[in-house]
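Enquirer: Structure in structure tokens, see below.
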């Protein structure tokens, strides 16, 4: 298994080397780091027309169509509708979204990036595909409880740079905490599904694909404290760990569809921020 993944990774490395970096507009890059493809595109399906079922401890979520189709996508949305969804976790009619949609991280995104992302999504080919309803177990199937959840755990706040830190560190913090929403998988959660910010990035025993998600703090034993900046950058581009193994599962998609498409300076910024995380 490991040998097969190694060969696959080397083939991917060769392909990228031959093709070179692909140019993309700001909105497309934000969609990449934001993981929009990973959730909203099903295997073999039209891009952004709805994703594969997302298995979670509370049931199955079905990611919706976010193409500009007026009836089944977001074609009827205004930018204000989009901003409210990304920052407040609210639909155009005011109803709350489940935090399986990571607005609990996206709220940190800048106005400029939100506008670029919205423009990119509006420029996609519209696809008519209705969303399947979520399949959640009791009591999580009662959406009204989300009003209380958001009141308890969600406080929208745009990212503010730390003046005591470098420009590179702040860029990395923004990407990791905001559009990259790395905490959503790599931070443990409380019994109500809220992120446990007393142990940020300390790993999660229940990841999006049902497997444990690793610790990515600077802890040298449990985390990535022994990785160098260059090793983290290489992993974020090609998926290969310092020990020669390759990323699999959900992280392989994050790299392929997201971090591998970023400019090298952004990967260095992410690595710089991750190396600064206190060990847990």
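Enquirer: Considering only the stretch 84-96, I want to know if a residue exists there that is more than 30 Å from residue 171 (Cβ to Cβ), in contact with a helix residue (DSSP H, G or I) (Cβ under 9 Å, 6 or more places away or on another chain), modelled with pLDDT of 95 or more and not in a loop (DSSP other than H, G, I, E, B). Walk me through how you get there before you give the answer.
Expert: Residues of the stretch 84-96 that are more than 30 Å from residue 171 (Cβ to Cβ), as a first pass: 91-96.
Then keep just the ones that are in contact with a helix residue (DSSP H, G or I) (Cβ under 9 Å, 6 or more places away or on another chain); that gives 91-92, 94-96.
Next, only the ones that are modelled with pLDDT of 95 or more stay: 91-92, 94-96.
If we keep only those that are not in a loop (DSSP other than H, G, I, E, B) too, we end up with 96.
Yes, the conditions are met somewhere in the stretch 84-96.
Enquirer: Residue under question is residue 101, and the condition is that it be farther than 28 Å from residue 139 by Cβ and either touching a helix residue (DSSP H, G or I) at 6+ places or on another chain (Cβ under 7 Å) or outside any strand (DSSP E or B) (or both); does it hold?
Expert: Working: farther than 28 Å from residue 139 by Cβ: no; either touching a helix residue (DSSP H, G or I) at 6+ places or on another chain (Cβ under 7 Å) or outside any strand (DSSP E or B) (or both): yes.
Answer is no for this residue.
Enquirer: Can you pull out the residues in the stretch 230-249 that are out of contact with any helix residue (DSSP H, G or I) (no Cβ under 7 Å at 6 or more places or on another chain) and either surrounded by 18 or more Cβ atoms within 10 Å (Cβ to Cβ) or assigned to a loop (DSSP other than H, G, I, E, B) (or both)?
Expert: Matches in the stretch 230-249: 234, 235, 243.
Enquirer: Within the stretch 57-72, is there a residue that is at pLDDT 90 or above, over 23 Å from residue 194 (Cα atoms) and either outside any loop (DSSP other than H, G, I, E, B) or touching a strand residue (DSSP E or B) at 6+ places or on another chain (Cβ under 6 Å) (or both)?
Expert: Taking every residue of the stretch 57-72 in turn, at least one turns out to be at pLDDT 90 or above, over 23 Å from residue 194 (Cα atoms) and either outside any loop (DSSP other than H, G, I, E, B) or touching a strand residue (DSSP E or B) at 6+ places or on another chain (Cβ under 6 Å) (or both).
Residue-by-condition table, conditions (1) surrounded by 14 or more Cβ atoms within 10 Å (Cβ to Cβ); (2) closer than 18 Å to residue 254 by Cα; (3) in contact (Cβ under 8 Å) with a residue 60 or more places away in the chain:
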| residue | (1), (2), (3) |
| --- | --- |
| 35 | yes, yes, yes |
| 48 | yes, yes, yes |
| 58 | yes, no, yes |
| 76 | no, no, no |
| 117 | yes, yes, yes |
| 133 | no, no, yes |
| 141 | no, no, yes |
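Enquirer: Still on this structure, I have one more. Take the stretch 198-229 and flag every residue that is surrounded by fewer than 16 Cβ atoms within 10 Å (Cβ to Cβ), touching a helix residue (DSSP H, G or I) at 6+ places or on another chain (Cβ under 8 Å) and more than 22 Å from residue 35 (Cα to Cα).
Expert: 229
Enquirer: Count, please, the residues in the stretch 186-211 that happen to be in contact with a strand residue (DSSP E or B) (Cβ under 7 Å, 6 or more places away or on another chain), closer than 13 Å to residue 250 by Cα and modelled with pLDDT under 95. First the steps, then the outcome.
Expert: Here is the first cut: in the stretch 186-211, the residues in contact with a strand residue (DSSP E or B) (Cβ under 7 Å, 6 or more places away or on another chain) are 186-189, 195-196, 203-204, 207-208, 210.
Add one more test, that the residue is closer than 13 Å to residue 250 by Cα, and what stays is 186, 207-208, 210.
Next cut, modelled with pLDDT under 95 only: 207-208, 210.
Residues that pass the stated criteria total 3.
The values are calculated or read from the model by the stated rules, or taken from the named source; none is laboratory data. Bear in mind the structure is a predicted one, so any value in this text is a computation, not a measurement. Here the Cβ is made from the backbone with ideal geometry for all residues, glycine too, and neighbour counts use every protein chain on show.
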